[in-house]
1. Taking H as built 1.01 Å from N, whose amide H comes closer than 5 Å to the amide H of residue 282, not counting residues under 5 places away?
2. Report the antiparallel proportion of the DSSP beta bridges in the chain as a percent, rounded to a multiple of 5.
3. For a quick check: with amide H placed at 1.01 Å from N, whose amide H comes under 5 Å from residue 315's, ignoring anything fewer than 5 positions away on the same chain?
4. How large is the helix-only mean residue ellipticity at 222 nm for the chain, computed as the sum of -39500 (n - 2.57) over DSSP H runs with n ≥ 4, divided by its residue count, in deg cm²/dmol to the nearest 500?
5. Could you grab the relative contact order for region 417-475? Cα pairs under 8 Å, six or more apart, rounded to a whole percent.
6. Grab the beta carbon distance between residue 641 and residue 468, set R0 = 35 Å, and tell me the FRET efficiency rounded to 0.05.
7. By its C-alpha gyration tensor, with a ≥ b ≥ c as the square roots of the eigenvalues, how is region 23-67 shaped: rounded for a/c under 1.5, else prolate for a/b larger than b/c, else oblate?
8. At a temperature of 20 °C and a viscosity of 1.002 mPa s, determine how fast region 488-597 diffuses translationally according to Stokes-Einstein, using the Kirkwood radius over alpha-carbon pairs as Rh; express D in µm²/s, rounded to the nearest whole number.
Amino acid sequence: MAIPPQAFLPRKRRPSSSSFISPDFSDRKLIQSILFLSREISLLKPLQFLLKHISSSIIRKFKLLAIVFEEILSLPPSFLSQSALLCSKELYLVLQRTKTLIEDCSNGSKMWLLIQHKSVSHGFHQITVEVAALLDVFPFKEFDLSDDVKELVVLLKKQCCAAKAFVDPIAENLMREVLKMLDHIERELVPEQSKLESIFERLGLFDSKSCRDEIERLKDEIPSLASGNEKSTVQMLSMVGLVQYGKYVLYGASASSPKRSTRSPNPFSVTDFPPPADFLCSISLELMTDPVVVATGQTYDRSSISLWINSGRDTCPKTCQVLAHKNLIPNCALKNLIVLWCRENKLPLETVETNDKSNGVTVSKAALEAMRMTASFLVNKLRVLPSTETVEWIVHELRILAKTDSESRVCIAESGAIPLLVGYLGSNNPEVQVDAVTSLLNLSIVEANKTRIMETDGVVDGVVRVLRSGATWEAKGNAATTIFSLSTVPVYRKKLGRKKRVVKGLVELARVGPAISRQDALAALLNLAGERDCIGRLLEGGVLEMAVEIIDESPEEVVTIMAAMAKRGGATAVAATDGAIEKIATVLRDGPERAKESAAAALVAVCRRGGEEVVAQLVATPRIQKAIWELMGTGTVRARRKAANLLRTFQRWAAEPDNVGIVHVSTSIADLLIY
């Protein structure tokens, strides 16, 4: 019974010949191992579609070899001569390489095999030559073999010696056709569907699933090629684009709409594999691939924070503090943790270590044109009033495609997808609605697309409707994240922050939504709180009341929002909000370490504008001064500065004649013992 290729675990890197180590077995164990490997190879299924002839030939030869060593093993135990021992060890290594090569080709990309067919054929031929040489010197005469097995040895020697180097003409012709089609795509010529279908059939890509598998396998090949051959890497990227285009044109459009439970998971879907919150960039809300630390000590993904800084901003997105410098320091420890997490969750490491480029290699023109053709095909299908099932399929595929990289996001937007997606934000189908709003979220990551979204009629209103009355929490949360993404541009932040419905929707989601959706809403509110012109609308929308209500569940995010609002004109309102001062003081005293810094910043701003009553209330708070001293000793530079400012404010208040003796304000660490 042949072993199907799917039985093997996929290989990320194929080992070289030097990777195999000569075995240190006993004589009998060595013969048993050779027999076992020969049987394993003889049960393998020959390669399909490409190199079928040569792989079948070598598998047949090892079937004969298995019979020979089965006979040797059945003989009475005896010590192998030095010659037999050396030949057996070499044969064992050849068998290992053969098994690995067949497994690798069976599990690998068909396109890769097509491009590499000459070298792979040479590898099979080299194995045959080595087996012929080993059989020629192997001392079979030392064993009492039966006559029919002796004849089998002679036949096997003859077959191996007669084998000649072989280049598959079918693979050679097919490779020329594929390269010609890539050349046409690079020149912006749409491939003929009949020729595309012919190529895919000869490669064994018969349906959407086989195309998806081929795309993943091609991507797996890219990291191993990038360091050695940039031309091959560019070629591989072009093939990814070709297969993706063919998948939609040949199979995707005619496929019925997949159910959520049967969709292949997105490799980096936070829903499918929820990563720790510290692994997500607070700008893009995606898993960080290259975490870096800015001057305030906050960590962001390099691409996101670089885009933030290059757009003219000089503040930290999370703390709103002006950056002392704009150097980005790699957070190697966090990156190692992310890589480890991805391994544990069986996510491809190559995807983690690359972003919009594959190991530094620029996307090829053919790949870019194939992506543009793919986006146009999907958008045109959506434009011609498709059936309900087709709509679900297309909108979902646009969502997945828009999550791939910046090039795909630009191509989708340029194809006119944004106005069409607006129409599905109000869909009665919850799956279509969440796919539509998530597609817009993914598109909004690109700066140019933010402008397209904001200037397209109905998009913002549609997103706000989903935010306030979406069918699922996922849809509402992704709508909030879309607002967060759009509000990273100052002019759009002002526009969104002045919309009462935007603020109300975010506040309501933060108040009653589940934890993940609440985080989405709070992130958007923090962005809006960074704009002074938005503070009035945030106050009207009940942000402070909501903050007091949920601060125990999300202390870090909430106190950061309150600090940002207090700094930009909302300090008096913070002081006047019932319970706000007590809650912030509690966070400073007992909250998470990262939240204490924001709590100190909020209290400094409130004390400056809230009057003596606020200071008196804080001074009287139990253990508040001890918390301030601890922050001065263990906090970040900014935290220590804020804590010192707060303590000086206490001391000035205590020095006032009317306040002397009311509450003791400590001035040294020794004084803290009384608290």
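The values are calculated or read from the model by the stated rules, or taken from the named source; none is laboratory data. The structure presented is a predicted model; accordingly, all values stated were derived computationally and were not measured. Note that we place each Cβ from the backbone using ideal geometry, even for glycine, and neighbour counts take in every protein chain shown. SASA here: full protein model, heavy atoms, side chains in, ligands and nucleic acids out. Shrake-Rupley method; radii C 1.70, N 1.55, O 1.52, S 1.80 Å.
1. Residues meeting the amide H criterion: 301.
2. 90
3. Excluding prolines and chain starts, which carry no amide H, the hits are 323.
4. Values: 33 runs with 430 residues, N = 675.
Value at 222 nm, helices only, nearest 500: -20000 deg cm²/dmol.
5. Relative contact order of region 417-475: 42 percent.
6. Plugging the Cβ-Cβ distance into 1/(1 + (r/R0)^6) gives 0.30.
7. Verdict is prolate for region 23-67.
8. Rounded, D is 157 µm²/s.
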